[in-house]
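Novice: Please find one structure pasted underneath; my questions will follow.
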Amino acid sequence: MQWIFSGGSTVASEFMLAAVRAQVDSDVTWLVSSSAEHAARFSHDHQIPKFTSSLDEALSDSDTSCVYISSTNDKHYAQSKAAIDAGKHVLCEKPLALTIDEAKQMVSAAGHADLVFATNHHLRCSGSHRAIRKLISAGEIGEVLSVRVHHAVHLPKNLRTWRINDVKGGGGVIPDITVHNADIVRFLLSEDPVAVVAQSAASGMGRGVEDSCMSVWSMPSGAMVMSHESFTHRFADTGIEIHGTRGSIVATGVMTQQPVGSVSLRNVNGTKLVPFSNHSLYSRGVADFVSAVKSKGVPAASGSDGVKSLAVALAVREAANKGQLVSVNYE
Ligand code: NDP
């Protein structure tokens, strides 16, 4: 299976190239970047045989069947639509787009063309989160009362570009991290947030966009979710806690790109560590995508999952801007 990578990005170089190359008979044929110079350098550094600054040129290569899109957020919509029009399956980075309308158009275009369209929400591919989901669905903690998501990190220097200062490019911690929190909560609880309240801030890095946010979401079951994300927390750990009527799951260090962290289950019998697989999150995501392309499975996170995580993030931003409770609009 030959891939086009659209976007000479950090996530492509650090994780996704290896994830594609970990699959049987898969490799990346093309690197597309808006800068011809960057495309040349990136493809040379990563042994990608062809490069171009024209997405159409790469899409016209009939030896390729899949496109991975990891350009800045404002470009996901147009690049996805072009790839779908060219008959390619698409694995698109989060957030799928800047608006729900665009994201829904991407999903429906792929559906009409009978192509796989998936969102690269890596967290739900991790052994830790898959183990947590199993515990919850097996009733190990009873009815879920609340979830606390700790996802405040210290943005590495090399990523302090469009993310911290470019509204039009899709910058800000809400499109960057709140979407992941929304996706993982939906994945773990199998329900979609209904309404949110929030406050956001620019606390040192953000210029014109928020770099920190705290929000509270209500779920259809009555469970409450607290989500904290930031770019400015140098010494904070990440984690997620799910508290239920019969037990609590406490996971530390698991809101990350690596297969690390710990998961423990607490109940009347005490606390026990929960074992989980330490496979690569990104390789598992690509493997699930490839299975879907071969009609042997479904993507880890579908296009609709990407629409829903974006809807929650947009509601959080609106709630923070207005200082009001906002209903999540999935339409
Ligand atoms: P980067 O900031 O590393 O790259 C984004 C774009 O900036 C590139 O696609 C490229 O544009 C341009 N660029 C980067 N470096 C250079 C350079 N040296 N010279 C010229 N242009 C350059 O983005 P990230 O990897 O952090 O994020 C990319 C996308 O992936 C985003 O949508 C983000 O939300 C998502 N992401 C997802 C993660 C996940 O775990 N699912 C993790 C991290 C990011 P061009 O497209 O023109 O080549």
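Novice: Of K50/K94; K75/K296; K75/K308; K88/K296; K94/K308, which ones are farther than 21 Å apart at the Cα?
Specialist: K50/K94; K75/K296
Novice: Now for a separate question. Rg and Dmax of the range 210-261 over Cα atoms: what are they, in angstrom?
Specialist: Looking at the range 210-261, its Cα Rg and Dmax stand at 13.0, 37 Å.
Novice: Based on the alpha carbons, how large is the Rg to Rh ratio for the range 105-248 when Rh follows Kirkwood? Don't skip to the end; give the middle numbers.
Specialist: Numbers: Rg = 16.7 Å, Rh = 16.5 Å.
With Rh from the inverse mean 1/r over Cα pairs, Rg/Rh is 1.01.
Novice: Hey, another quick one. Using θ = phi - 60° and the Karplus curve 6.51 cos²θ - 1.76 cosθ + 1.60, what whole-Hz ³J(HN,Hα) does each residue of the range 311-326 get, with Gly and Pro shown as x?
Specialist: Calculated HN-Hα couplings, in order: 4, 5, 4, 5, 5, 4, 5, 5, 4, 5, 5, 8, x, 9, 5, 10 Hz.
Novice: Follow-up. Quick check: from the Cα gyration tensor, does the range 41-93 come out rounded (a/c under 1.5), prolate or oblate?
Specialist: Oblate.
Novice: Based on the Kirkwood radius over alpha-carbon pairs, what is the Stokes-Einstein translational diffusion coefficient of the range 103-174 at 4 °C with 1.567 mPa s viscosity, in µm²/s?
Specialist: On the way: Rh = 16.4 Å.
Using the Kirkwood radius from Cα pairs, D works out to 79 µm²/s.
Novice: Let me know the charge dipole size of the chain about its Cα centre in debye, to the nearest 20, where only the beta-carbon of Lys, Arg (+1) and Asp, Glu (-1) is charged.
Specialist: Numbers: 29 positive and 31 negative charges, 171 e Å.
The dipole of the chain has a size of about 820 debye.
Novice: Let me ask something else about it. Modelled label-to-label distance, S65 and A22, 7 Å Cα→beta-carbon offset: nm?
Specialist: With each label placed 7 Å out from Cα toward Cβ, I get 2.1 nm.
Novice: Here's a follow-up. Using a 1.4 Å probe on the protein chains only, how many percent of the accessible area of the range 16-166 belongs to carbon and sulfur?
Specialist: On the way: 3190 of 6470 Å².
Carbon and sulfur: 49 percent of the exposed surface of the range 16-166.
Novice: Peptides 94-106, 141-153: what's the order by average Cβ count within 10 Å, highest mean first?
Specialist: 94-106, 141-153
Novice: Run the numbers for S108 and V260: contour at 0.36 nm per residue of separation, minus the present Cα-Cα distance, in nm.
Specialist: Values: separation 152, 0.36 × 152 = 54.72 nm, distance 3.55 nm.
Answer, rounded to one decimal: 51.2 nm.
Novice: Oh, and also: Say a paramagnetic label sat at a point 7 Å from the Cα of S203, along Cα to Cβ; which residues of the range 135-150 have their backbone N under 13 Å from it?
Specialist: Of the residues in the range 135-150, 150 have backbone N under 13 Å from the label point off S203.
Novice: Counting only protein heavy atoms and a 1.4 Å probe, tell me what percentage of the range 218-328's accessible area is made up of carbon and sulfur. Present the calculation step by step, with values, prior to reporting the outcome.
Specialist: Numbers: 2620 of 5240 Å².
Answer for the range 218-328 is 50 percent, counting heavy atoms of protein chains only.
Novice: If you plug each phi of the range 257-265 into the Karplus form 6.51 cos²θ - 1.76 cosθ + 1.60 with θ = phi - 60°, what whole-Hz ³J(HN,Hα) values come out, in order, with x for Gly and Pro?
Specialist: 8, 9, x, 10, x, 9, 10, 10, 10
Novice: Okay, moving on. So what is the relative contact order of the range 183-331, in percent, for Cα pairs below 8 Å that sit 6 or more residues apart?
Specialist: Worked out over the range 183-331, it gives 23 percent.
Novice: Round to the nearest 10 and give me the degree value, 0 to 90, for the angle of helix 36-45's Cα axis relative to the longest principal axis of the chain.
Specialist: Roughly 70 degrees, rounded to the nearest 10.
Novice: So, one more: What's the ranking of 60-73, 304-317 by average number of surrounding C-beta atoms within 10 Å, highest first? Can you show the working numbers first?
Specialist: Working: 60-73: 19.3, 304-317: 25.6.
Final packing ranking: 304-317, 60-73.
Novice: Moving on to the next point. Over the Cα atoms of the chain, how large are the radius of gyration and the largest Cα-Cα distance (Dmax), in Å?
Specialist: My reading of the Cα-based Rg and Dmax gives 19.4, 62 Å.
Novice: A follow-up question, please. Evaluate 2.2 N^0.38 Å with N set to the residue count of the range 232-302, then give the Cα radius of gyration divided by it. Show your work: numbers first, answer last.
Specialist: On the way: Rg = 15.9 Å, N = 71, 2.2 N^0.38 = 11.1 Å.
Working it through for the range 232-302, the quotient is 1.43.
Novice: Could you derive backbone 3J(HN,Hα) for the range 211-226 from the dihedral phi with the Karplus parameters 6.51, -1.76 and 1.60 (θ = phi - 60°), listing whole Hz in sequence and x where the residue is Gly or Pro?
Specialist: 10, 8, 7, 10, 9, 10, 10, 9, 10, x, 6, x, 5, 10, 10, 10
Novice: Then there is this: Where Rh is the Kirkwood radius over the Cα pairs of the range 63-182, the temperature 10 °C and the viscosity 1.306 mPa s, what D in µm²/s does Stokes-Einstein return?
Specialist: 97
Novice: What ranking of D27, D45, D85 comes out by heavy-atom accessible area, probe 1.4 Å, highest first?
Specialist: Final ranking, largest accessible area leading: D85, D45, D27.
Novice: How fast does the range 195-234 diffuse by Stokes-Einstein, in µm²/s, taking the Kirkwood radius from C-alpha pairs at 4 °C and 1.567 mPa s?
Specialist: Details: Rh = 11.1 Å.
My calculation gives 117 µm²/s for D.
Novice: Search the structure for amide H atoms under 5 Å from the amide H of L145, placed 1.01 Å from N in the peptide plane, and list their residues when 5 or more places away or on another chain.
Specialist: Those lying under 5 Å, H to H, from L145 are H243, G244, T245.
Novice: Based on the Cβ-Cβ distance of R246 and A195, what FRET efficiency does E = 1/(1 + (r/R0)^6) give at R0 = 22 Å, to the nearest 0.05?
Specialist: E(calc), rounded to 0.05, equals 0.25.
Novice: Sort K272, K168, K88 by heavy-atom solvent-accessible area, probe 1.4 angstrom, most to least. Before the final figure, lay out the partial values.
Specialist: Details: K272 125, K168 170, K88 10 Å².
Per-residue accessible area, sorted high to low, gives K168, K272, K88.
Novice: Once you treat every alpha carbon in the range 165-312 as an equal point and sum by Debye, what is log10 I(q)/I(0) at q = 0.13 Å⁻¹?
Specialist: For the range 165-312, the Cα-only Debye profile gives -0.73.
Novice: Another question about this same structure. Can you give the log10 of the normalised intensity I(q)/I(0) at q = 0.11 Å⁻¹, computed with Debye over equal Cα scatterers of the range 1-124?
Specialist: Reported log10 I(q)/I(0), two decimals: -0.32.
Novice: Under 15 Å from a point 7 Å along the Cα-to-Cβ line of E143: which residues of the range 246-270 have their amide N that close?
Specialist: Correct set: 246-247.
Novice: Here's something else I'd like to know. Please work out the average accessible area per residue across the chain, using the 1.4 Å probe convention, and give it in Å².
Specialist: 43
The values are calculated or read from the model by the stated rules, or taken from the named source; none is laboratory data. Only a predicted model underlies this, so the values are computations on that prediction, with no experimental measurement involved. Note that we place each Cβ from the backbone using ideal geometry, even for glycine, and neighbour counts take in every protein chain shown. Ligands, DNA and RNA are stripped out before the accessible areas are found, and what is left, the full protein with its side chains, is counted by its heavy atoms. Shrake-Rupley method; radii C 1.70, N 1.55, O 1.52, S 1.80 Å.
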